[in-house]
Structures are given as C-alpha cells and as structure tokens.
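*Asks:* Pasting a structure here, questions to come.
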Amino acid sequence: KMAGGTLATIPTTAMRNGDFSQILTGRTLGTDTLGRPILENTIYDPATSRVVNGQSVTDPFPGNIIPTSRIDPVASKIQAFLPPTINSSLTNNWAPVYPNPKTQYILSVKGDQNFKDGSKISLYYQHQHTTQLSSPDGLPIPLSEVRNQELHSDTGRMNYDRSITPRLYLHVGAGIQHFMNPDSSPASVLHFDAVGKLGLTGGAVNGFPQIAGLSSSYGGMSNTMGVLNANEYHTDKPTAVANATYVRNNHTYKIGGEFRIDAYTDRNSRGATGVFNFTSAESGLPYLQSTTVSEGAIGFPYASFLLGAANNASVSNVQDPQGRKKSWALFIQDTWKVTRKLTIDYGLRWDLSGQGHEIFNRTAEFAPDRKSVV
C-alpha cells in the first residue's frame with residue numbers, strides 16, 4: 001500500500017551548492033553598525049566575525065553564495081541523501097510518496113485436561129502481532145524520521161482445579177501478560193555508520209543523528225531528519241490467584257488471595273546518536289542577537305547547516321529505566337441461601353497496592369524547602 005501527502009519542502013539544487021541568491025528579496029531592513037544596508041535573507045559569514053565599536057559584526061557572503069570550499073563536509077555528505085526536487089519553487093517542491101502498510105494477526109490456543117482424581121488443568125495462550133509505520137515521510141534512509149512499530153503481546157495462563165472432597169473445592173491459577181511496543185527509527189538508521197560514512201563523531205552510539213530546525217518561509221528543509229525516536233516499551237504483568245470453596249448446608253464459603261506485579265521498562269537510545277538544532281542566528285549578524293529586523297529575516301537555517309554551525313547540540317546516554325509495582329489481596333465471603341427466594345452474599349476483602357518504584361529504588365527527589373533529611 002502506497003500513500004502520499006501534501007507537497008513538502010526540501011532544499012533547491014542551488015541551495016545545496018551554497019547558492020542562496022534566490023531568497024534575496026531586495027528589501028532593506030535597516031543598517032548595521034558599520035552603516036551598511038541589511039538586506040532581507042542575507043547570509044553572513046561567521047568566519048569574518050570581529051568587534052567593531054563594541055559590537056560583534058560579520059560580512060555578507062558575496063552574492064549570497066557560500067563557496068563550496070566552505071561547505072561543511074559532514075553537511076555535504078548528509079544532503080547527498082536528499083531526493084531531487086520536482087519543480088523550481090523555493091517551497092512545496094517535493095511530493096513525498098511512501099509505503100504505509102499495516103498487518104495484524106491474533107493467535108489463540110486453549111486446552112483442558114481432566115484427571116480421574118477429580119482435578120483439572122486448563123491452559124490458555126494468545127499472541128497478538130501488529131506491524132505498522134509511524135510518521136512516514138517519504139525521505140530515504142537514513143534521513144527519514146519514520147518509526148517502525150512491531151507491536152506484540154503475549155498472554156499465558158494456567159489454572160488448576162480440584163474437588164478435594166464433595167464439599168471442598170480448590171482453585172489455583174497463575175499467568176503473565178507481556179506487551180511490547182518498539183516505537184523506534186529503523187535499525188538501518190540507529191546503526192548507521194555516522195563515523196565512517198559522515199565523519200561525525202561524539203555520539204554515545206554510532207548512528208545517524210537527529211537534525212532539526214532547517215525550515216524557513218523561504219524554503220530549506222521542512223522535515224526533521226534522522227532518528228526521531230529509539231524506544232522499546234515493555235509492560236509485563238505476572239499474576240497469581242488461589243482460593244478454596246467449602247459448602248456446608250445452605251452456606252457456600254470462599255477464601256482466597258491474589259498477587260500481581262506491574263512491571264514497566266523503557267529501553268531506549270533516544271538522543272544517543274546526537275541531536276543538532278539549527279537556526280538563522282549563526283548565519284546572521286551576531287550583534288543583533290536576533291534573526292529578524294523590521295519584520296524581515298536575516299540569515300538562513302539551511303545556510304547555517306551547510307556551514308556546520310549548529311545553534312545547539314546534545315547527546316544522551318543509552319537508558320533502561322524500569323519500574324515495578326506489587327499488589328496483594330485477601331478475601332473471605334459467604335453465599336447464604338436463606339430461603340428458596342432469598343440469597344445473601346457478604347464478606348470482607350483486603351487490598352494492598354504497593355508504591356510504584358524504580359526497580360532498584362534509585363528514584364531521586366529534591367525538596368529545597370525541607371529543613372532536614374530523614
């Protein structure tokens with residue numbers, strides 16, 4: 001199944017070669033500290049930075065063109081993965097088409113075995129599997145921010161029942177429910193050799209980074225590129241129950257208990273390949289500390305990207321946070337058949353729901369108003 005959305009924006013061929021002359025509008029937004037006119041969408045060269053009259057100023061690239069020798073080699077290798085445009089427009093110049101499949105199947109198996117001693121064993125198992133894509137954008141790997149979701153759940157249960165005497169009946173059961181949602185960029189993106197193929201180092205793991213902030217009303221890149229998410233969410237719930245039923249005259253007594261563990265895991269390497277955010281500021285006039293002047297823009301996000309001048313960057317460690325919560329219950333009840341037309345059910349139940357906690361109780365809290373630590 002193929003799908004397509006509205007037109008998207010990717011850099012023009014000229015932009016990829018450092019030529020941003022098309023985005024010049026001719027509008028004068030003011031003058032800089034040297035008395036030079038500030039033209040809308042001018043690309044300034046950060047390598048010419050100097051202090052004039054206490055202000056940090058830079059010079060425009062002649063013709064609004066970044067020389068190919070100044071294009072960052074990592075940026076050049078990244079943009080080589082971009083598809084070609086379909087028209088000459090600065091914006092809405094690419095038609096994304098992408099596969100959008102979804103498959104699902106559910107398997108269930110149940111079996112019972114009766115024994116001569118009056119006991120019975122019941123087994124049940126169900127497996128559910130769903131395959132789908134999240135955030136497909138039509139960009140090629142490794143630029144795509146598409147996420148694979150191979151959701152699956154498994155439920156298993158075993159029950160043992162036995163009539164110990166004509167009046168006494170025993171029931172014991174145990175089971176587990178497991179659900180996994182790997183909401184993650186494809187393995188080909190997570191394990192992309194960014195060091196060898198891009199020359200990009202510094203990530204906690206060697207994979208394609210996340211690159212954002214390249215869009216502008218005059219073009220650039222409307223999509224975030226690279227790793228958008230890298231998580232495997234696990235939920236496990238083992239349970240156990242035991243109860244006994246005793247019948248005497250017109251009373252049916254029942255006593256038992258239950259136990260449950262709620263376990264949560266989020267194994268992830270989100271941000272571990274590196275996150276880079278770009279803005280117009282790095283290719284604008286630094287002393288203005290702004291990318292807008294008189295309701296017009298200076299600098300350009302994609303130009304900052306080509307220069308390798310990120311506004312900010314971060315890297316995270318691989319994480320494996322896990323939580324646990326235990327619950328117990330005890331109960332006793334009686335079904336009393338007072339008359340043929342009147343039955344009364346009454347009993348007592350005790351529930352204890354434990355406090356959710358990190359698996360090794362390493363949760364930290366900070367309370368600046370406390371006077372002492374207990």
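The values are calculated or read from the model by the stated rules, or taken from the named source; none is laboratory data. Model, not experiment: these values are computed from the prediction. A quick note on method: Cβ atoms are made from the backbone with ideal geometry, for glycine too, and the neighbour counts reach across all protein chains shown. Remember, those area values only see protein heavy atoms, side chains included, never the ligands or the DNA or RNA. Shrake-Rupley method; radii C 1.70, N 1.55, O 1.52, S 1.80 Å.
*Asks:* Once you have the Kirkwood Rh of the range 1-130 from its Cα pairs, apply Stokes-Einstein at 4 °C and 1.567 mPa s and quote D in µm²/s.
*Replies:* My calculation gives 62 µm²/s for D.
*Asks:* Also, quick follow-up: Which lysines, if any, have their Cα less than 22 Å from the Cα of residue 197, not counting same-chain residues under 8 positions apart?
*Replies:* Filter leaves 77.
*Asks:* Something else now. What per residue convex hull volume, in Å³, comes out for the chain when only alpha-carbon positions are used?
*Replies:* Spread over its residues, the Cα hull of the chain gives 267 Å³ apiece.
*Asks:* While we're on this one: Can you give the extra length, in nm with one decimal, that the chain gains between residue 113 and residue 95 once fully stretched, where that is 0.36 nm per residue apart less the Cα-Cα distance?
*Replies:* Full extension of this stretch gives 0.5 nm more.
*Asks:* So what is the relative contact order for the chain, in percent, with contacts set as C-alpha pairs under 8 Å and at least six apart?
*Replies:* Answer for the chain is 15 percent.
*Asks:* Also: Within straight cross-link reach of residue 341, meaning Cα distance under 30 Å, which lysines are found once same-chain residues fewer than 8 apart are removed?
*Replies:* Result set, ordered by chain and number: 254.
*Asks:* Considering only protein heavy atoms, with the full assembly of protein chains and a 1.4 angstrom probe, order 44, 264, 287 by accessible area, largest first.
*Replies:* Highest to lowest solvent-accessible surface, that is 264, 287, 44.
*Asks:* Let me ask something additional. What does the accessible area per residue of the range 6-103 come to in Å², with a 1.4 Å probe and no ligands, DNA or RNA counted?
*Replies:* Result: 50 Å² per residue.
*Asks:* On average, how much area does the Cα convex hull of the range 72-167 cover when viewed from any direction, in nm²?
*Replies:* 11.5 nm²
*Asks:* Kirkwood Rh, the range 220-300, all Cα pairs: how many Å?
*Replies:* 19.6 Å
*Asks:* Here's another thing I want to ask about it. Given 0.36 nm per residue, what is the gain on full extension from residue 129 to residue 33 after removing their alpha carbon distance, in nm?
*Replies:* Net length gain for the segment: 28.2 nm.
*Asks:* Sticking with this structure for a sec: What is the percent carbon and sulfur in the accessible area of the chain, measuring with a 1.4 Å probe over the protein chains and ignoring ligands?
*Replies:* About 55 percent, which is the carbon plus sulfur part of the accessible surface.
*Asks:* Using a cut-off of 18 Å between alpha-carbon atoms, which lysines can reach residue 325, once sequence neighbours fewer than 8 places away in the same chain are excluded?
*Replies:* Leaving aside lysines fewer than 8 places away in the same chain, those within reach of residue 325 are 237.
*Asks:* Given the DSSP H assignment, sum -39500 (n - 2.57) over each helix run of at least 4 residues in the chain and divide by its residue total; what's the result at 222 nm in deg cm²/dmol, nearest 500?
*Replies:* After summing the helix terms and dividing by residue count, I get -1500 deg cm²/dmol.
*Asks:* Per-residue accessible area for residue 258 at 1.4 Å probe radius, Å² rounded to 10?
*Replies:* About 80 Å², ignoring ligands and nucleic acids.
*Asks:* Calculate, for the range 162-318, the solvent-accessible area per residue in square angstrom, rolling a 1.4 angstrom probe over the heavy atoms of the protein chains.
*Replies:* About 45 Å² of surface per residue is accessible.
*Asks:* At 7 Å along the Cα-to-beta-carbon direction for both residue 159 and residue 344, put a label point, then send me their distance in nm to one decimal.
*Replies:* 3.0 nm
*Asks:* Got a sec? Charge dipole of the chain, +1 on Cβ for Lys and Arg, -1 for Asp and Glu; which of 273, 107, 328 is way out at the positive end?
*Replies:* 328
*Asks:* Let me ask something else about it. Could you rank 282, 232 by how accessible they are, 1.4 Å probe, largest area first?
*Replies:* Listed by decreasing accessible area, they come as 232, 282.
*Asks:* On a 1.4 Å probe surface of the protein chains, which of 236, 161 comes out largest in accessible area, and what is the full order?
*Replies:* 236, 161
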